[in-house]
Amino acid sequence: MSTLASTTWPYPRWIAHRGAGRLAPENTLAAFRLGAQHGYRMFECDAKLSGDGVVFLMHDATLERTTSGHGIGGERPWSDLAQLDAGGWHSRQYAGEPLPTLANVAHWCIANGCHLNIEIKPTPGTELETGRAVAQLAARLWQGRDVPPLLTSFKPQALAAAREAAPDLPRGLLLDQLRAGWLDEARTLGCLAVVCNHALWSAATVAEVHGAGLRALSYTVNDEWAAERLIALRTDGIITDRVDLFPPA
Ligand code: G3P
Ligand code: CA
């Protein structure tokens, strides 16, 4: 796997959030397939650890909202999680859709020529082990491929652990506010990107990030006015639920 320089950015601007996680059940392969049908070639997803160390996709810490299970996903063995219905909550059409592992999704992305943004979403208290496990697995799954996955997290500890485990994988710091020292924090973590709530980008903050040689990405952009603003600001990546509204080209 090649090491990306900050001047090299091989990813498309448009990124489907949680697969195409509003039109199909988020973080399932069905959502990835639907995003690809709409022309998307890059996907964001949320990765965490099962109780026995399998990296799988789910946003919430608890199972209730998006699966047929109950309790904390990160406390259950993968053999239990693999039995859950992760699609029926969304609509009858997707009933029986399983939770995918990161390996399932990596194989699908590689087979379909798609890129992945893996948000490291640790169960609280597992930041270091989740960062390490996601990075180690991602490095193995994409070994020998030209374009590695982009690892992001709101948790600096998880990004630091990912950096130690797989220094060559590109990283992005997720921010829901521009806290004091945010750009230095991203640089100290060796990040190539800052991924912000889209409302935080202005001409000044984009210039700061670009001036530091980093990329400016936004989440989660679902209306045309916001998208036009971000394009005019020359931001580098837009994460959206609305694969039906925004053609990715
Ligand atoms: O990765 C960007 C975005 O997904 C972060 O927010 O809560 O949807 O994971 P959330
Ligand atoms: Ca996410």
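The values are calculated or read from the model by the stated rules, or taken from the named source; none is laboratory data. This structure is a prediction, so every number in the text was calculated from the model and none was measured. Here Cβ is always computed from backbone atoms with ideal geometry, including for glycine, and neighbour counts include all displayed protein chains.
State which residue is farthest from Ile239 (Cα to Cα) when the search covers only the stretch 30-48 and only residues that are within 16 Å of ligand 1 (Cβ to nearest atom) and touching a helix residue (DSSP H, G or I) at 6+ places or on another chain (Cβ under 7 Å). Only one residue fits best here, namely Lys48. Every condition in (1) in contact with a strand residue (DSSP E or B) (Cβ under 8 Å, 6 or more places away or on another chain); (2) in a helix (DSSP H, G or I); (3) buried (at least 19 other Cβ atoms within 10 Å of the Cβ) holds for Arg132 except the one numbered (1).
Select from the stretch 199-215 the residues that are closer than 19 Å to Glu119 by Cα and either out of contact with any Lys or Arg (no Cβ under 8 Å at 6 or more places or on another chain) or acidic (Asp, Glu) (or both) and list them in ascending order. Even if it seems obvious, please write down each step before you answer.
Residues of the stretch 199-215 that are closer than 19 Å to Glu119 by Cα, as a first pass: 214-215.
Selection gives Arg215 alone.
Evaluation of Cys109 against the conditions (1) of a type outside the set (A, V, I, L, M); (2) within 17 Å of the chain's Cα centre (by Cα); (3) surrounded by fewer than 22 Cβ atoms within 10 Å (Cβ to Cβ) shows that the sole unmet condition is (3).
Of all residues in the stretch 66-79, those that are farther than 19 Å from Gly19 by Cβ have Cβ atoms under 7 Å from Cβ atoms of residues that are modelled with pLDDT of 95 or more and of a type in the set (Lys, Arg), 6 or more apart or on another chain, in Gly74/Lys48. Taken over the stretch 21-43, the residue count meeting the criterion of being under 21 Å from Val55 (Cβ atoms), modelled with pLDDT of 95 or more, touching a strand residue (DSSP E or B) at 6+ places or on another chain (Cβ under 9 Å) and outside any helix (DSSP H, G or I) is 5. Any residue at all in the stretch 74-96 that is in contact with a Lys or Arg (Cβ under 9 Å, 6 or more places away or on another chain) and closer than 20 Å to Gly237 by Cβ? No, the stretch 74-96 contains no residue that is in contact with a Lys or Arg (Cβ under 9 Å, 6 or more places away or on another chain) and closer than 20 Å to Gly237 by Cβ.
Among residues of the stretch 97-118 that are farther than 25 Å from Leu173 by Cβ and of a type outside the set (Lys, Arg), those with a beta-carbon under 6 Å from a residue that is within 15 Å of ligand 2 (Cβ to nearest atom) and part of a strand (DSSP E or B) at least six positions away or on a different chain give the pairs Leu99/Phe56; Pro100/Leu57; Thr101/Phe56.
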